[in-house]
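The values are calculated or read from the model by the stated rules, or taken from the named source; none is laboratory data. Just so it is clear, the model here is predicted, and its values are computed rather than measured. Heads up, the Cβs are rebuilt from the backbone with ideal geometry, glycines too, and the neighbour counts pull from every protein chain shown.
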Amino acid sequence: MIRGGERPIFREELIYTPFPMGKGLIRVGSSGGAGGGKGRNFFFDSMGDFAMSGLFGLVSKGDCATTLFYGTDYHSHMGTEYGGMAVLGDRFYRSIHDISQSQFKSKFVDEYKEMKGNMGIGVISDREPQPLIIGSRFGTFAIAMAGLIENREALTQALLQEGQSFGEMTRGGVNSVELVAKLINTGRDLVDGIERMFDQIKGSASILLLNEQGIYAARDRLGRSPLVIGERGADFAVATESCAFLNLGFKLIKYLEPGEIVQLGHDGLKQKMGGKPSSRICAFLWIYTGYPASSYEGISVEVVRENCGRYLAKNDSVQADLVAGVPDSGVGHAIGYAMESGLPYRRPLTKYTPGYGRSYTPPSQEIRDLVATMKLIPIKEVICGNRIVLCEDSIVRGTQLKNYTIKKLWENGAKEIHIRPACPPLMFPCKFALSTRSTSELAARRAIRTIEGKDIEDVSEYLDPQSEKYSKMVDWIRRELGVTTLKYQTLDDMVKAIGLPKEKLCLYCWTGKEGE
Ligand code: SF4
């Protein structure tokens, strides 16, 4: 279904598959097998090497494809590798594309119109091609997942020893979505299978599973990634990002609880398994990853960002002329800072987005540097002679912030630059969703290595904002960035800004502890 002669990346296959006992057409635009994926898009946003994949599903009285297309597209900020849609009508229609060099929209805009059916699921994925179509003793189903299976290797080996085989290999390993499907297939029924899968995995997995009965939506047991349910007349939708509902006419009716399983069908919404009390939702959803118009657990992303900015301002005594945010995710934090401090919010840097897809991963470092340089345009009239408070969601490596943001402010005559990240120093790479950054790349770890003269295991002293070592670390990062002052948000204030109890949040990035 690729049109207009656009054919270089994908291989088209037509596969006939039993559904339920007859024949169904599956169309696959594949990336050409293992190694087809490109590097992550970590060039435009400071936390761009972190994302968790986004899911959207719909059960409709009429054709679902148009709404499914837009609903899935509204998750484009959550992944940059693969986009996929599966629609079930009289048969399964499925398509998967590598979106690392183009946007989901452009890949699917013609194709979705040929997907006929009133139930479907879509996914923007950062790790594996999906959704997969699985033939099982429970019938044929399509499945998509957001999350990361830490013990993927051990579970794979166990299944191989049992004589099972895997048909979907991605970058030399099994596709986690297929692994999850195989674990589900060991259950007495689909719900029991999902429960068994949850029992066996380490890490996180929220899934959508589409079959003739509807869509089974299951939220990760610790709730690290969200799922919400929306209603539009007789239609039901499920999404990772609630912002996907707003322009499609859905009313948000339910936040799934951790471990909860529901079934969306033509006869309504049925709870198949109640939620679990334990929850560790990713705090980064509010700080960086999530879209400003979304809410998780009933808490608005934009309002949390404003709260973060307010806390930064409350603890600040710096004298400045204006406050600004690093576009885009620093903007909400900066607005909050401005509201609290009374400083004017201004835009010394604007982001030029036309022509640059969020999902575009330039092929070489040289071009990536060039694109990053081109994207933020300084406004000299706002910068020159001013003392600037610059709010940022977080500092990962610090190299982009230094080379493409701070440099431009100095070059355009900034008098002072005061950096205010909305979260504490990042100390540990994410192990539950997805991250390509390694511990040694993190700015805080580089500071510690310099101060200690070597890498150290126990960094607890550096986590305490009252300690001398913490001050030394922050001062090293400040000098490395080349700015007037640098002051991070405290963990307590970040948690207060979100408004959930600490024990309900995943804070592993900052504490290194799974229980905090
Ligand atoms: S480790 Fe960090 S990014 Fe990963 S889920 Fe926890 S808070 Fe989110």
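Condition first: under 28 Å from the mean Cα position of the chain (by Cα), outside any helix (DSSP H, G or I) and touching a residue at least 60 places away in the same chain (Cβ under 8 Å). Now tell me which residues in region 456-511 satisfy that.
Hits for region 456-511 are Leu486, Lys487, Tyr488, Gln489, Thr490, Gly499, Leu500, Leu505, Cys506, Leu507.
Residue check: is Ala497 under 24 Å from Ala283 (Cα atoms), in contact with a Lys or Arg (Cβ under 7 Å, 6 or more places away or on another chain) and more than 12 Å from the ligand (Cβ to nearest atom)? Let's see the steps before the verdict.
Values: under 24 Å from Ala283 (Cα atoms): yes; in contact with a Lys or Arg (Cβ under 7 Å, 6 or more places away or on another chain): no; more than 12 Å from the ligand (Cβ to nearest atom): yes.
No, not satisfied.
Let me spell it out: the conditions are (1) within 26 Å of the chain's Cα centre (by Cα); (2) over 23 Å from Ile388 (Cβ atoms), and Pro421 meets all of them except one. Which number is the exception?
(2)
Does region 414-432 contain at least one residue that is part of a helix (DSSP H, G or I) and either in contact with a strand residue (DSSP E or B) (Cβ under 7 Å, 6 or more places away or on another chain) or away from the ligand (no atom under 16 Å from the Cβ) (or both)? First the steps, then the outcome.
Here is the first cut: in region 414-432, the residues part of a helix (DSSP H, G or I) are none.
The answer is no; no qualifying residue exists.
Just a yes or no: is a residue in region 138-146 of a type in the set (Val, Ile, Thr) and modelled with pLDDT of 95 or more? Quick ask: steps written out before the conclusion?
At the first step, the residues of region 138-146 found to be of a type in the set (Val, Ile, Thr) are 140, 143.
Those left that are additionally modelled with pLDDT of 95 or more: 140, 143.
Yes: one or more hits.
List the number of the failed condition for Glu257; all other conditions in (1) without any contact (Cβ under 8 Å) to a residue 40 or more places away in the chain; (2) within 29 Å of Cys308 (Cβ to Cβ); (3) assigned to a strand (DSSP E or B) hold.
Result: Glu257 fails condition (3) only.
If the requirement is being farther than 30 Å from Ser206 by Cα, β-branched (Val, Ile, Thr) and within 16 Å of the ligand (Cβ to nearest atom), which of these qualifies: Val459, Val483?
After applying the criteria, what remains is Val459.
Matching residues to (1) surrounded by 15 or more Cβ atoms within 10 Å (Cβ to Cβ); (2) farther than 21 Å from Lys431 by Cβ; (3) not assigned by TED's automatic domain parsing to the domain that holds Val238:
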site	(1), (2), (3)
Phe138	yes, yes, no
Arg152	yes, no, no
Thr156	yes, no, no
Gln161	no, yes, no
Gln164	no, yes, no
Gly172	no, no, no
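Out of all the residues in region 198-249, which are under 20 Å from Glu150 (Cβ atoms), of a type in the set (D, E, K, R) and touching a residue at least 24 places away in the same chain (Cβ under 8 Å)?
Within region 198-249, Lys202, Arg219, Asp220, Arg221, Arg224 qualify.
Inside region 211-229, can you point out the residues that are away from the ligand (no atom under 16 Å from the Cβ) and touching a helix residue (DSSP H, G or I) at 6+ places or on another chain (Cβ under 8 Å)?
Quick first cut of region 211-229, residues away from the ligand (no atom under 16 Å from the Cβ) only: 211-218, 228-229.
If the condition is that a residue be away from the ligand (no atom under 16 Å from the Cβ) and touching a helix residue (DSSP H, G or I) at 6+ places or on another chain (Cβ under 8 Å), then Asn211, Tyr216, Ala218, Val228 are the ones that fit.
Consider region 264-288. How many of its residues are crowded, with 23+ Cβ neighbours inside 10 Å and either in a strand (DSSP E or B) or more than 16 Å from the ligand (Cβ to nearest atom) (or both)?
Filtering region 264-288 down to residues crowded, with 23+ Cβ neighbours inside 10 Å leaves 264, 281-288.
Cutting the leftovers down to either in a strand (DSSP E or B) or more than 16 Å from the ligand (Cβ to nearest atom) (or both) gives us 264, 281-282.
Looking only at that region, the number is 3.
Of the conditions (1) within 16 Å of the ligand (Cβ to nearest atom); (2) outside the structural domain of Thr66 (by TED's automatic domain parsing), Ala293 clears all except one; give me its number.
Checking Ala293 against (1) within 16 Å of the ligand (Cβ to nearest atom); (2) outside the structural domain of Thr66 (by TED's automatic domain parsing), the one that fails is (1).
Quick check, is Ile417 in contact with a Ser or Thr (Cβ under 7 Å, 6 or more places away or on another chain), at pLDDT 95 or above and closer than 30 Å to Val303 by Cβ? Lay out the reasoning, then the answer.
Working: in contact with a Ser or Thr (Cβ under 7 Å, 6 or more places away or on another chain): yes; at pLDDT 95 or above: yes; closer than 30 Å to Val303 by Cβ: yes.
For Ile417, the condition - in contact with a Ser or Thr (Cβ under 7 Å, 6 or more places away or on another chain), at pLDDT 95 or above and closer than 30 Å to Val303 by Cβ - is met.
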